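Structure record follows, encoded as C-alpha cells.
Please treat every number below as a calculation from the coordinates, not as lab data. Since the model is a prediction, treat every value here as computed from it, not as a measurement. Counting neighbours? That spans all protein chains shown, and the Cβs are built from the backbone with ideal geometry, glycine included.
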2 protein chains.
Amino acid sequence: MEDLLDLLTLARRGDDRALAKLITAVENAADGVLDLLDAVEVDESTHVLGVTGPPGSGKSTLVDRLVGRFRAQGRRVAVLLVDPSSPFTGGAVLGDRIRMQHHTGDDGVFIRSLGSRGHQGGLTRSTDQVLHLVRSAPFDQVIVETVGVGQTELQVMDLADTVLVVLVPEAGDAVQAMKAGLMEIAHLFAVNKSDRPGADRLVLELQQAVRGEGDGDIPVLAVSALQQEGLEALETAIASHRDHLRENPRAARSPRARLFSLLADGLVRRLAARIGRPPSSADLQSLLDAMETGAISPYRAAAMLLDDDRMLRDLLGVDEDSI
Amino acid sequence: MEDLLDLLTLARRGDDRALAKLITAVENAADGVLDLLDAVEVDESTHVLGVTGPPGSGKSTLVDRLVGRFRAQGRRVAVLLVDPSSPFTGGAVLGDRIRMQHHTGDDGVFIRSLGSRGHQGGLTRSTDQVLHLVRSAPFDQVIVETVGVGQTELQVMDLADTVLVVLVPEAGDAVQAMKAGLMEIAHLFAVNKSDRPGADRLVLELQQAVRGEGDGDIPVLAVSALQQEGLEALETAIASHRDHLRENPRAARSPRARLFSLLADGLVRRLAARIGRPPSSADLQSLLDAMETGAISPYRAAAMLLDDDRMLRDLLGVDEDSI
C-alpha cells in the first residue's frame with residue numbers, strides 16, 4: 001500500500017516506469033487500489049483524444065502520425081490502446097505496438113495496451129481507472145484508441161474530451177456509421193485512405209449526415225495516414241475542438257457529470273462482481289422456484305428484484321472490504 | 001403484444017420467420033418483451049454448442065462444416081453469430097454469413113448474426129434472451145459462435161452446454177490460451193489448420209496444459225476445416241460431451257444455477273440502464289461534492305453507495321415499467 005502511494009508520487013513527477021507499475025496494480029485490482037485512486041489528483045486540463053473506428057480503418061497508423069506531430073511541438077503524449085476483443089498478443093494489439101514502435105525509444109511517449117484478460121478479468125472495465133491515473137501524470141495529450149467500434153469501445157469514448165472517428169470507404173457507408181452510434185459520439189470524422197475509390201462519396205455522405213449535429217457542423221476530413229496527407233488539417237481540427245471546449249466550458253461535459261458517470265460505471269461493476277452465488281433467503285428462493293417452474297422468466301425476476309429493497313440487499317450482501 | 005405471443009406460437013411450431021421477428025423484438029427491447037419471455041418454454045434438452053477462439057482461427061469454416069454434418073443426420077440447426085466488436089456489416093459478421101451461404105437455402109438451418117448496435121443498444125447483452133427464445137423453437141442443435149475471445153465472448157460461452165475452443169498455431173501458444181481464460185471454459189479444444197507449422201506442438205502443449213482439468217482430460221483434437229480432416233473425430237467428441245452431460249446431470253450446470261445466472265445478468269443490465277442521471281437527494285449530492293473536491297474517488301464512492309440502502313434506492317429510483 002505504502003508502495004503504491006510512493007509510486008504515485010514518482011508517476012506525478014513524470015516517472016513512466018512508476019506509472020506502468022500503478023496501471024498493472026489497477027488492472028489486477030491489487031490491495032490498496034481504492035486508496036491509491038483516492039489519492040490521485042486528476043489534471044482536468046489534460047486533453048484526452050479518443051480515436052475509434054472499425055477494424056482496418058488505419059486508426060493505429062493515424063495515431064502514430066498524430067503522436068509524431070504532437071511530439072514535434074514538444075508535448076508529452078500518452079497512448080492507451082484498448083482491445084476488448086482479444087487477450088492474445090498475436091492479435092491486433094501487437095500489430096498496433098509494432099506500428100508504434102518508432103516511438104518506443106522516445107521518453108516523451110508512453111504507450112500501454114489494455115486488453116481483456118480472461119473471464120473474470122474485466123480489464124477493459126478498468127480503462128476508466130487507468131485513465132484516471134494517467135491524467136494525474138504530466139502528459140499534455142492523452143490518446144485513447146480502440147480496436148473496434150462495439151459497445152465497449154463506444155463506452156470508452158465517453159471518457160474522451162474529443163472523439164475522432166476514423167472510417168474508410170470499404171468499412172461501410174454513412175448510414176451504417178449512423179446505425180453504429182458513431183454520429184452520436186463523433187466530434188470529428190476522418191475518412192482515411194482518401195485515395196481509395198469511394199472516399200469522396202463517403203466524405204459527402206458524412207457531411208450531409210452530420211449537418212446540424214453538435215455545436216455547428218462536425219468536421220469531416222479526408223486524410224491519408226500512410227501518404228501523410230490531410231494530417232495538418234486534422235491536427236488543426238483537433239486543436240480547434242480542444243480550444244472550443246476550453247473557451248466554452250458549457251460545451252464540455254462538466255467535471256461533476258464526468259465523475260457521476262465514473263461513479264455509475266463503478267457501481268455497476270461492483271454490483272456485477274458481488275452477485276456471485278444464489279442467495280439463501282426465502283424470498284429469493286421462491287423467486288428461483290417460480291423461474292424453475294416457468295411461471296416467470298429470469299428477466300421478469302430481475303425487474304422485480306430491482307424494486308424490492310429487501311431482496312436486493314439479500315442478494316448484494318455486505319462487502320466487508322468496503323467498510 | 002398479442003402479436004408477439006402469436007409469433008411465439010408459430011416459432012414453436014418451427015416457423016423461422018416468426019422466430020426472426022421475435023429476435024428483432026428482443027434486440028429492440030420492444031414493448032411486451034417481458035411478457036413474451038415469461039411465455040417462453042425453454043426446451044432443456046436442446047444441446048447448445050459454443051464455439052469460440054481468436055480471430056482468424058477459422059471458426060466459421062469449422063462451424064459451417066459441423067452444420068453440414070449435423071444436417072446430414074437430419075437435425076435442425078440454429079446458428080447464432082455473436083460479434084460484439086463491430087456493428088458494421090462490412091466486418092467479420094458479413095464474412096461469416098458469406099461463408100455460411102450455402103446453408104441459407106436450407107430450411108433446416110436458421111442463421112442469425114447478433115452484433116452490437118451503437119451506444120445504447122447493448123445487443124450482445126441480449127444474447128441470452130435470444131438464446132432463451134431459440135431454445136423454445138424446435139431445433140436439435142444450437143451453435144453459438146463468437147468472433148473473438150474477449151470478455152463479452154467468454155461470457156456468452158457461459159450460455160453453452162459444450163464449449164469448443166478453436167485455436168491455430170499463429171494465434172498463440174497454450175500459455176496465452178490459459179491467460180485468456182480459455183482453459184477454464186473449454187470442454188474441447190480443436191487445433192485448426194493442422195497442416196500448418198507448429199500445429200503438432202500446440203496440440204501437445206494443450207494436452208499437457210489440460211491434464212487433470214475438468215472431468216477427465218479435455219480432448220484436444222487436430223482438425224483442418226478447409227481440408228475436411230479430423231471432423232468426424234470432432235463430431236464424436238462433441239456428441240460424447242453432450243451424452244456425458246445427459247447421463248451425468250450433476251456434471252452439467254443445474255437449470256436453477258443457469259436461471260440464477262440469467263437473473264444476475266438481467267439485474268446488472270437493468271441497473272446499468274436505470275442509473276442515467278445524477279440524482280437529486282442530499283446524501284448523493286454530498287457524495288458528488290466530496291468527489292469534486294477530490295476527497296474521495298468515484299470508485300470509493302461506488303463502494304460506499306452499494307452498502308447504503310437509502311442512497312442506492314435514491315439512485316435507482318422506481319421503474320414504473322416494472323410495476
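Each Lys or Arg adds one and each Asp or Glu subtracts one; over the other residues with Cβ under 14 Å from the Cβ of B:PRO169, this totals -2. Across identical copies of the chain, B:ARG71 has label-point separations of 5.3 nm, listed in ascending order, with the point defined 7 angstrom from Cα along Cα→Cβ.
The mean number of Cβ atoms from other chains found within 10 Å of a Cβ in peptide B:303-314 is 5, as a whole number. Across peptide A:268-274, the average count of Cβ atoms from other chains found within 10 Å of a residue's Cβ is 6.
Placing pseudo-labels 7 Å out from each Cα toward the beta carbon at A:ASP106 and A:HIS244 gives an inter-label distance of 2.6 nm. Straight-line cross-link partners of B:LYS179 among the lysines, defined as a Cα under 21 Å from its Cα and at least 8 positions apart when in the same chain: A:LYS21, B:LYS59. Estimated from the Cβ-Cβ distance and a Förster radius of 45 angstrom, the FRET efficiency linking A:ARG75 and A:GLU170 is about 0.85.
Taking a straight line from the alpha carbon of B:LYS193, these aspartates and glutamates sit under 17 Å away, with near neighbours fewer than eight places off in the same chain left out: B:ASP64, B:GLU170, B:ASP173, B:GLU205, B:GLU229, B:GLU232, B:GLU235. Remark: the Cα gyration tensor places region A:185-242 in the oblate category, a/c being 1.5 or greater and a/b not exceeding b/c. Taken residue by residue and averaged, Cβ atoms of other chains lying within 10 Å of the Cβ of A:254-263 number 6.
Counting from the shortest, the label point at B:ARG250, 7 Å from Cα toward Cβ, is 6.8 nm from the same position in each remaining copy. Applying the Karplus relation 6.51 cos²θ - 1.76 cosθ + 1.60 with θ = phi - 60° to region A:10-18 yields 3J(HN,Hα) values of 5, 4, 4, 8, x, 7, 6, 5, 5 Hz, where x marks Gly and Pro. Close amide H partners of A:LEU188, meaning residues 5 or more places away or on another chain with modelled amide H under 5 Å apart, are A:VAL163, A:VAL165. Exactly which trypsin sites (Lys or Arg not before Pro) in region B:194-266 are in a DSSP loop and have at most 16 other Cβ atoms within 10 Å? Of the trypsin sites (Lys or Arg not before Pro), the ones in loops of region B:194-266 whose Cβ has at most 16 other Cβ atoms within 10 Å are B:ARG211, B:ARG250, B:ARG253. In the assembly of identical copies, A:ASP195 has its label point, taken 7 Å from Cα in the direction of the beta carbon, separated from the corresponding points by 3.6 nm (ascending, one decimal). Remark: the Cα gyration tensor places region A:144-247 in the rounded category, a/c being less than 1.5.
Rounded to the nearest whole Hz, the Karplus-based 3J(HN,Hα) values (6.51 cos²θ - 1.76 cosθ + 1.60, θ = phi - 60°) of region B:169-184 follow the sequence x, 5, 7, x, 10, 5, 5, 5, 4, 5, 4, 6, x, 6, 4, 5, with x at glycine and proline.
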